[in-house]
Amino acid sequence: MKALTYDVVMAPLGWLGLTTARRKLVSGLSGRVLEVGTGTGLALPGYPDTVTSVTAIDIDAEALERARRRRPDVEVLQASVEELPFADASFDTVVASLVFCSVDTPGRGMAELFRVLRPGGELRMLEHVRAPSAGLATAQDLLTPAWRMLTGGCRLNRDTYQLVRQAGFDVVHRVQRLHGVGELIIARKPNG
């Protein structure tokens with residue numbers, strides 16, 4: 001999906017609460033933050049002053065140009081979450097907002113987040129996910145092939161919570177909304 005089109009499509013969702021949810025996702029953060037899949041940078045304006053640095057990555061160069069204009073003081077890099085160009089334990093927090101639905105090898109991406117996060121560091125995610133109810137999950141399964149083609153890779157039926165746990169994170173907070181298809185996950189990388 002083109003960067004401008006993405007912003008136009010996301011604007012009504014922002015008015016309906018997504019902007020507020022993104023601001024809550026980054027509130028209270030401090031230290032060095034990595035935002036993966038930053039896209040056009042819709043979450044970037046919400047970072048508090050207690051954050052010493054934000055590094056934002058995405059695979060889409062056009063989207064990153066819009067992100068740079070949205071928040072010029074943020075380091076913006078074209079990179080994939082599946083192959084992060086950072087040393088182990090480089091960040092205090094990793095943030096992902098509506099990202100893991102479109103990662104081709106999500107297990108590898110999650111392992112990379114685990115690697116670059118310092119021990120005791122926090123992972124914060126706001127994602128749309130596979131519904132817990134069988135009927136809604138079946139509908140997601142049926143819609144996903146067409147939706148994926150229309151949106152450039154978005155999968156409606158990804159079980160992100162299980163990916164987080166399988167990567168070795170300890171989930172400390174989980175909130176499901178919208179009949180379970182929206183999910184906030186806060187997890188920590190264990191110490192040692």
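What to note about this one:
- Filtered residues of the range 74-87 (kept if in contact (Cβ under 8 Å) with a residue 12 or more places away in the chain and farther than 20 Å from residue 101 by Cα): 74, 75, 76, 77, 86, 87
- On inspection, residue 136 passes the criterion of being over 19 Å from residue 33 (Cβ atoms), out of contact with any Pro (no Cβ under 6 Å at 6 or more places or on another chain) and of a type in the set (A, V, I, L, M).
- Selection from the range 96-113 of residues that are among the small types (Gly, Ala, Ser) and outside any helix (DSSP H, G or I): 96, 97, 102
- Those residues of the range 99-121 which are more than 15 Å from residue 171 (Cα to Cα), among the aliphatic types (A, V, I, L, M) and in contact with a Ser or Thr (Cβ under 8 Å, 6 or more places away or on another chain), in sequence order: 116
- When 32, 71, 66 are checked against the criterion of being touching a Leu at 6+ places or on another chain (Cβ under 6 Å) and on the phi < 0 side of the Ramachandran plot, 71 stands alone in meeting it.
A quick yes/no check of all residues on (1) assigned to a loop (DSSP other than H, G, I, E, B); (2) surrounded by fewer than 22 Cβ atoms within 10 Å (Cβ to Cβ); (3) not aromatic (Phe, Trp, Tyr):
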{"site": "45", "(1), (2), (3)": "no, yes, yes"}
{"site": "54", "(1), (2), (3)": "no, no, yes"}
{"site": "72", "(1), (2), (3)": "yes, yes, yes"}
{"site": "85", "(1), (2), (3)": "yes, yes, yes"}
{"site": "94", "(1), (2), (3)": "no, no, yes"}
{"site": "115", "(1), (2), (3)": "no, yes, yes"}
{"site": "127", "(1), (2), (3)": "no, yes, yes"}
{"site": "132", "(1), (2), (3)": "yes, yes, yes"}
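- Put simply, of 165, 108, 188, 115 the only residue that is at pLDDT 80 or above and touching a strand residue (DSSP E or B) at 6+ places or on another chain (Cβ under 6 Å) is 188.
- Criterion applied to 34, 25 was being crowded, with 18+ Cβ neighbours inside 10 Å, under 17 Å from residue 186 (Cβ atoms) and modelled with pLDDT of 90 or more, and the one residue passing it is 34.
- Long-range neighbours under 8 Å by Cβ, at least six apart or interchain, first residue charged (D, E, K, R) within the range 27-39, second crowded, with 23+ Cβ neighbours inside 10 Å and assigned to a loop (DSSP other than H, G, I, E, B): 35/43
- The residues of the range 56-70 that are of a type in the set (A, V, I, L, M, F, W, C) and assigned to a helix (DSSP H, G or I), listed by number, are 61, 63, 64, 67.
- Failed item in (1) under 23 Å from residue 31 (Cα atoms); (2) among the polar types (S, T, N, Q); (3) part of a helix (DSSP H, G or I), with residue 138 passing the rest: (1)
- Applying the condition of being assigned to a loop (DSSP other than H, G, I, E, B) and of a type in the set (Val, Ile, Thr) to the range 17-43 and asking which residue is nearest to residue 118 (Cα to Cα) yields 38.
- Of all the listed residues (80, 90), the sole one being of a type in the set (Ser, Thr, Tyr) and either within 24 Å of residue 157 (Cα to Cα) or touching a Ser or Thr at 6+ places or on another chain (Cβ under 6 Å) (or both) is 80.
- Residue match in the range 150-160 (condition: in contact with a helix residue (DSSP H, G or I) (Cβ under 6 Å, 6 or more places away or on another chain), modelled with pLDDT of 85 or more and either surrounded by 15 or more Cβ atoms within 10 Å (Cβ to Cβ) or not in a strand (DSSP E or B) (or both)): no
The values are calculated or read from the model by the stated rules, or taken from the named source; none is laboratory data. Since this is a predicted model, take the numbers as computed values, not measurements. Here the Cβ is made from the backbone with ideal geometry for all residues, glycine too, and neighbour counts use every protein chain on show.
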